[in-house]
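Enquirer: Here it is, the structure, as structure tokens.
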């Protein structure tokens, strides 16, 4: 066999936002000569998560700071969706000689429903109102070129796996 397909689905429950999240997982691998010397991979994955914990901790810290100064604070984050990323990945792997593996990989990642916030102060009550929403989004292109040994170096009782990686990321 020189082609592998790995489909899957992941389910997560986000108890902070009370959301059920289902995300796809798919990867395919083509071993061109069926000898693991030349391989092409491609995949599509969805990932849920994001900065939910960071948002909660930041609000606790900000609420405490503002309450010490005497100002009131009000934070709203109703009906937020769980932030997620769609990811498309492609890669080439080539064995060079007997003991070097070269890899070239590209990953495109698009983030959706990322949490962003806006704040305003009510001049009459001096209350700061912070509202969170799902308006954030980003796109990232990631390129990697790596070289590593197919077999580790054995020195005394230690296996050493040296690797050289060149990366470029554009957001």
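The values are calculated or read from the model by the stated rules, or taken from the named source; none is laboratory data. Computed from a predicted model, the values in this text were never measured in an experiment. Positions of Cβ are backbone-derived with ideal geometry, glycine not excepted, and every protein chain shown enters the neighbour counts.
Residue-wise test of (1) surrounded by 11 or more Cβ atoms within 10 Å (Cβ to Cβ); (2) assigned to a strand (DSSP E or B); (3) modelled with pLDDT of 90 or more.
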site	(1), (2), (3)
119	yes, yes, no
124	no, no, no
130	yes, yes, no
136	yes, yes, no
143	yes, yes, yes
146	yes, yes, yes
154	no, yes, yes
159	no, yes, yes
164	no, yes, yes
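Enquirer: Right, here's the next one. Kindly establish whether residue 56 is at pLDDT below 95, touching a strand residue (DSSP E or B) at 6+ places or on another chain (Cβ under 7 Å), closer than 25 Å to residue 85 by Cβ and not in a strand (DSSP E or B).
Expert: no
Enquirer: Out of segment 12-44, which residues are in contact with a strand residue (DSSP E or B) (Cβ under 9 Å, 6 or more places away or on another chain), touching a residue at least 24 places away in the same chain (Cβ under 8 Å) and either more than 30 Å from residue 95 (Cβ to Cβ) or loosely packed, with under 13 Cβ neighbours inside 10 Å (or both)?
Expert: Selection gives 12, 14, 19, 21, 23.
A quick yes/no check of all residues on (1) farther than 27 Å from residue 14 by Cβ; (2) at pLDDT 80 or above; (3) touching a helix residue (DSSP H, G or I) at 6+ places or on another chain (Cβ under 6 Å):
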{"residue": "26", "(1), (2), (3)": "no, yes, no"}
{"residue": "39", "(1), (2), (3)": "yes, yes, no"}
{"residue": "43", "(1), (2), (3)": "no, yes, no"}
{"residue": "52", "(1), (2), (3)": "no, no, no"}
{"residue": "67", "(1), (2), (3)": "yes, no, no"}
{"residue": "92", "(1), (2), (3)": "yes, yes, no"}
{"residue": "98", "(1), (2), (3)": "yes, yes, no"}
{"residue": "102", "(1), (2), (3)": "yes, yes, no"}
{"residue": "112", "(1), (2), (3)": "no, yes, no"}
